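S.K.: Let me give you the structure first, and then I'll get to my questions.
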Amino acid sequence: MITQSYPLTDFSTAATIAICYLCFVFFGKLVMQNSSPVSGLYGVKFAYNMVQVMLCSYMCIEALVQAWKSGYPVVGCPFNQENPPIGFILYVFYISKILDFLDTVFIILERRFNQLSFLHVYHHTSIFLVSTSISAPACLSVCLCLCAPYLTLSALQPASYYKILTEFSC
């Protein structure tokens, strides 16, 4: 497959990145417990969010363009493993999941530990690892199937389910 030649695409590298992320969450929180919050991150976070918006817009538009040019139907898309038309977009999606880890870095540096729930860390880790092995649409479908019930229930705020998922700190 053509995407196997791209940097960071083998699973052992992805697993190493995920383990480093989890170690940062654990040790970063440990270190920041006794430190004052890092200030002055507004500009960095603003730039980060702008990059995320532009990157996600590019991936969405380019995926649609490539799917249109390749004649993909709405359902039952054929898959060319040797030269996938959207292979590069899937790779950009995968790399963007590494960039998403910065969200957690900002949370830890600013000591917003109430936002550092088990669900937050699990989401970032699992989406990153899943995106190494299956396509982005399938990845997003799995994520939405798992997250939609949580988001619905958390909007209704039933105490037990909501507390289990959001207050279990990492």
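The values are calculated or read from the model by the stated rules, or taken from the named source; none is laboratory data. Computed from a prediction, not measured in an experiment: that's the story for all the values here. Cβ sites come from the backbone with ideal geometry, for glycine too, and all protein chains shown count toward neighbours. Just so you know, the surface numbers come from the protein's heavy atoms only, side chains and all, with ligands and any DNA or RNA stripped out. Shrake-Rupley method; radii C 1.70, N 1.55, O 1.52, S 1.80 Å.
S.K.: What spacing in nm lies between the two simple spin-label points modelled at Ile98 and Thr16, each 7 Å away from Cα in the Cβ direction?
M.R.: A separation of 1.1 nm, rounded to one decimal place.
S.K.: Hey, another quick one. To the nearest 10 square angstrom, how much accessible area does Glu62 have with a 1.4 angstrom probe?
M.R.: Near enough 50 Å² of accessible area.
S.K.: Please give the per residue accessible area of segment 40-128, computed with a probe of 1.4 Å over protein heavy atoms only, in Å². Display every interim value, and only then the final one.
M.R.: On the way: 5170 Å² over 89 residues.
The answer is 58 Å² per residue.
S.K.: Multiply the residue gap between Asn34 and Leu8 by 0.36 nm, knock off their C-alpha separation, and tell me the result in nm, one decimal place. Walk me through the numbers before you get to the answer.
M.R.: Details: separation 26, 0.36 × 26 = 9.36 nm, distance 3.44 nm.
My answer for the length gained is 5.9 nm.
S.K.: Could you tell me what percent of the accessible area of segment 1-47 is made up of carbon and sulfur, with a 1.4 Å probe and every protein chain present?
M.R.: C and S fraction of accessible area: 72 percent.
S.K.: Where does each of Thr16, Thr132, Thr125 land when they are ordered by accessible area, with a 1.4 Å probe and the largest first?
M.R.: Ranking Thr16, Thr132, Thr125 by accessible area, largest first, yields Thr16, Thr132, Thr125.
S.K.: While we're on this one: Counting only protein chains, not ligands or nucleic acids, how are Asp10, Asp100 ordered by accessible area (probe 1.4 Å), most first?
M.R.: Asp10, Asp100
S.K.: Sort Lys29, Lys69 by accessible area with a 1.4 Å probe, largest first.
M.R.: Ranking Lys29, Lys69 by accessible area, largest first, yields Lys69, Lys29.
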